[in-house]
Amino acid sequence: MGNPTRSHKSFEAGAVIIRAHLKTLPASPGVYRMMNADGKVLYVGKAKKLSHRVAAYTQRGRLPTRLQRMVAQTRGMEFVVTRTEAEALLLEANLVREYQPHFNILLRDDKSFPYIVIPRGHKFPGLYKHRGPRTRKGWYFGPFASALAVNETMIALQRGFLLRNCTDNIFAARNRPCLQYHIKRCTAPCVNKVSEAAYGQQVREARDFLGGKSSTIQQALAERMQEASDARDYETAASLRDRIKVLTIIQSRQDVNVAGTGDADIIAAHQQAGQTAIQIFFFRNDRNFGTHTHFPAHDKEQPAGEVLAAFLAQFYTDKPAPPHLLLSHTPDGAKLLATALTSHAGHKVTISVPHKGEKKRLIAHALLNAREALARRMADKASQNRLLHGVAENFGLPEPPQRIEVYDNSHIQGTNAVGAMIVAGPEGFIKKGYRKFNIRDLPPGAAHDDYAMMEEVFTRRFRRLTEEDPEHKSGTWPDLVLIDGGMGQLNRVRAVMAELGLGEIPLVAIAKGPDRNAGRERFFMTGRAPFSLEPRDPVLYYLQRLRDEAHRFVIGAHRGKRAKQISQTGIDEIPGIGAARKRSLLHHFGSGRAVAQAGIDDLQQVAGISASMAKKIYDYFHNAR
């Protein structure tokens, strides 16, 4: 137990800071931030009356232990006055997402969900996947729960409505149909295989189908199929029949469809052992667009209603809420929350907890999914903790690492060199911590020197970390560093760390066995002979996953850098590509980036590009070290 006297003094130190601000605070709506001695935001809160709400933090006996600890750490406060409490709620959610304060309920696994968009402003608009702000004018449909869900739907829609998915640059540069036309996924408007009026009808049908008029579209297609059949135009009839089948498949994949749901998000929260799983079903036009699970970070004592309220405010900060939110629990301040979401979305948003009928059944189904997801997460976390204990045991660490950083680099014969770092911990991969490093300071003659590349990456990474966080308070210092390589890479990195005064950070190099045989990896550590783990050791599998994730990330960064360079400098560096072939490629694809993204079959369609040359071009863009 802590010292009660010391605890009281710490609380009073924070309370003094808060009382000093009370003298000038208005009784108006607003948002407040509490900061520690380093200026880091501890908590963001909203208030209907700032002076009344902030004053409550000075009354220790009425605060839970969590908030007492927060006040004890408070050394500064900032305030923003708003016109209404609803505005304060929206601002609070935005600031929580920006600062990720330790004492707030946090939506840490938030992400942008994909949409399908049909842009406006082109005679022959395409069908595309979209994430992020809606800066492009067009018709948006979604959100979909995952990239897989939207990709499957887009493929089916292409087969059902034959809309193009190429960029406008490629569209303008085509002089003959591409592969999509030959496999019956596009009507090739780029080369006038379809009229503007006929293609416009395809676009309208796709929009109507995504907008919920699926039965009307299918009925219209069926009538056209019958007309074609009666006219003995069997080829057209067969094509329409195939399109109807595809649209039926799309609808059959929506495994939980409920008529009358309209546009709604079904949201259920299940709590166990101080953790919460929140399951969302996205319904648009009575059709299920998929489901996603979130695990917000919060204090173990906070009830479902409080967690749901914070979750909803943060979840909809970057997207409009649908007209109906059907919940398993009533969120705290539901009326205020609905007002704020209505203001943000631009249409009325209602929040309700169904108690009977089909909507209650949907909530029950979502709760079942939330319960099972939380059980899997808790099992995975227990398994992850066992793996981290195994890592500590095998590498002689004093305790299981809470932050593991893994480093790798990539290049092709020294060009477009890039280094990368991925991060993992008890919760799995920490993708917000991933970093890439464009190699720029290699000495002369070191273009192929992996050691020099690794030296530059570590120098930049840890010199900056030392300057920004010399006291190791940020939580971004690793407990273990893994390096893709052998003793040479380890020695070079060890020298860098020693020069920076960071020799205490454990370093391990991991190298594949003979013939780069996964499963026979060797590990290198300072002061210890190289060693291997048992081929079926779960810890070995875990370390392989970390190494493979670093390799995947660095290769992606490398390809992105090459594609950017190609789009800027052309394709002259590919062996065997002269002026004539370069001109043919750019005329066919429209840009160097499109050449880099093309498949072998598409490359072979270019005049002057043989099968062997197509493979050489493809390999150049896709076979990094």
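The values are calculated or read from the model by the stated rules, or taken from the named source; none is laboratory data. This structure is a prediction, so every number in the text was calculated from the model and none was measured. All Cβ positions, even for glycine, are placed from backbone atoms using ideal geometry, and neighbour counts span all protein chains on display. Protein only, heavy atoms only, side chains kept; ligands, DNA and RNA dropped before computing areas. Shrake-Rupley method; radii C 1.70, N 1.55, O 1.52, S 1.80 Å.
Sort out which residues of the stretch 466-507 are of a type in the set (G, A, S), in a loop (DSSP other than H, G, I, E, B) and over 11 Å from F524 (Cα atoms), and write them in order of number. Spell out how you get there, then give the answer.
Kept after step one, since they are of a type in the set (G, A, S), are these residues of the stretch 466-507: 474-475, 485-486, 488, 495, 498, 501, 503.
With the extra rule that they be in a loop (DSSP other than H, G, I, E, B), the set shrinks to 474-475, 485-486, 501, 503.
Once the filter is applied, which keeps residues that are of a type in the set (G, A, S), in a loop (DSSP other than H, G, I, E, B) and over 11 Å from F524 (Cα atoms), the stretch 466-507 yields S474, G475, G501, G503.
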Residue hits (the stretch 359-385; within 13 Å of T276 (Cβ to Cβ) and either in contact with a Lys or Arg (Cβ under 7 Å, 6 or more places away or on another chain) or of a type outside the set (G, A, S) (or both)) are L367, R371, L374, R377, M378
Do you know which residues across the stretch 351-362 are farther than 23 Å from I105 by Cα and either within 29 Å of the chain's Cα centre (by Cα) or not in a helix (DSSP H, G or I) (or both)?
-> P354, H355, K356, L362
All but one of (1) touching a Phe, Trp or Tyr at 6+ places or on another chain (Cβ under 9 Å); (2) outside any helix (DSSP H, G or I) hold for H21, so report the exception by its number.
-> (2)
Give me the pairs, please: first residue somewhere in the stretch 494-510 and more than 19 Å from D484 (Cα to Cα), second residue anywhere and open to solvent by 40 Å² or more (accessible area, probe 1.4 Å) and modelled with pLDDT under 95, beta-carbon distance under 7 Å, and either six or more positions apart or on two chains.
-> L500/R463; L500/T466
Across the stretch 319-336, the tally of residues that are touching an Asp or Glu at 6+ places or on another chain (Cβ under 8 Å), open to solvent by 50 Å² or more (accessible area, probe 1.4 Å) and touching a residue at least 40 places away in the same chain (Cβ under 8 Å) stands at 1
Determine whether K381 is charged (D, E, K, R), open to solvent by 20 Å² or more (accessible area, probe 1.4 Å) and farther than 19 Å from Q314 by Cβ.
-> yes
Long-range neighbours under 7 Å by Cβ, at least six apart or interchain, first residue more than 13 Å from I483 (Cα to Cα) and open to solvent by 60 Å² or more (accessible area, probe 1.4 Å) within the stretch 533-551, second of a type outside the set (D, E, K, R) and outside any helix (DSSP H, G or I) | P535/G519
When you go through (1) over 20 Å from A27 (Cβ atoms); (2) touching a residue at least 40 places away in the same chain (Cβ under 8 Å); (3) of a type outside the set (K, R) one by one for A47, which number turns out not to apply?
-> (1)
Hey, among the residues in the stretch 387-420 that are under 13 Å from M454 (Cβ atoms) and modelled with pLDDT under 90, which one's nearest to the chain's Cα centre (by Cα)?
-> A420
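Look at V496 and say whether it is at pLDDT below 85 and open to solvent by less than 20 Å² (accessible area, probe 1.4 Å). Break it down stepwise before answering.
Details: at pLDDT below 85: no; open to solvent by less than 20 Å² (accessible area, probe 1.4 Å): yes.
Against the criterion (at pLDDT below 85 and open to solvent by less than 20 Å² (accessible area, probe 1.4 Å)), V496 does not qualify.
Name every residue in the stretch 60-100 that is in a helix (DSSP H, G or I) and in contact with a His (Cβ under 7 Å, 6 or more places away or on another chain), in order of residue number. Give the derivation first.
Of all residues in the stretch 60-100, those in a helix (DSSP H, G or I) come to 60-62, 65-73, 85-99.
Matches in the stretch 60-100: L90 only.
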State all residues of the stretch 168-187 that are without any contact (Cβ under 8 Å) to a residue 12 or more places away in the chain and in a loop (DSSP other than H, G, I, E, B); if no residue qualifies, say none.
-> I183
If you take the residues in the stretch 101-138 that are within 14 Å of the chain's Cα centre (by Cα), open to solvent by 60 Å² or more (accessible area, probe 1.4 Å) and in contact (Cβ under 8 Å) with a residue 12 or more places away in the chain, which one is nearest to C190 (Cα to Cα)?
-> R131
Is there a residue in the stretch 259-278 that is out of contact with any Leu (no Cβ under 9 Å at 6 or more places or on another chain), open to solvent by less than 20 Å² (accessible area, probe 1.4 Å) and of a type in the set (A, V, I, L, M, F, W, C)?
-> no
Going by the conditions given, is F141 surrounded by 19 or more Cβ atoms within 10 Å (Cβ to Cβ) and within 17 Å of F282 (Cα to Cα)?
-> yes
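Checking the conditions here, which among A231, A222, A238 is over 39 Å from the mean Cα position of the chain (by Cα), at pLDDT 80 or above, of a type in the set (A, V, I, L, M, F, W, C) and farther than 30 Å from T330 by Cα?
Numbers: A222 fails: at pLDDT 80 or above; A238 fails: at pLDDT 80 or above.
It is A231.
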Please work out which one of (1) farther than 30 Å from L341 by Cα; (2) crowded, with 18+ Cβ neighbours inside 10 Å; (3) out of contact with any helix residue (DSSP H, G or I) (no Cβ under 7 Å at 6 or more places or on another chain) is the condition A188 fails and give its number.
-> (3)
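Scan the stretch 384-399 residue by residue and report those that are in a loop (DSSP other than H, G, I, E, B) and open to solvent by less than 30 Å² (accessible area, probe 1.4 Å).
Going through the stretch 384-399, the residues in a loop (DSSP other than H, G, I, E, B) turn out to be 396-399.
Within the stretch 384-399, L397 is the sole residue that qualifies.
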When the stretch 196-240 is examined, which residues are found to be open to solvent by 80 Å² or more (accessible area, probe 1.4 Å) and either outside any helix (DSSP H, G or I) or in contact (Cβ under 8 Å) with a residue 40 or more places away in the chain (or both)?
-> E196, K213, R232
Scan the stretch 593-615 and report the pairs whose first residue is at positive phi and whose second residue is open to solvent by less than 50 Å² (accessible area, probe 1.4 Å) and in a helix (DSSP H, G or I), with Cβ atoms within less than 8 Å and a gap of 6+ or a chain change.
-> G608/S584
Given (1) in contact with a strand residue (DSSP E or B) (Cβ under 8 Å, 6 or more places away or on another chain); (2) within 30 Å of T293 (Cα to Cα); (3) in a helix (DSSP H, G or I); (4) not polar (S, T, N, Q), number of the condition P143 does not satisfy = (3)
Do the conditions hold for T339, that is, is it part of a loop (DSSP other than H, G, I, E, B) and either open to solvent by 70 Å² or more (accessible area, probe 1.4 Å) or closer than 21 Å to F141 by Cβ (or both)?
-> no
A careful count of residues in the stretch 154-180 that are modelled with pLDDT under 80 and under 23 Å from the mean Cα position of the chain (by Cα) gives 0
Could you check R361 against (1) touching a Pro at 6+ places or on another chain (Cβ under 8 Å); (2) open to solvent by 50 Å² or more (accessible area, probe 1.4 Å) and say which number it fails?
-> (1)
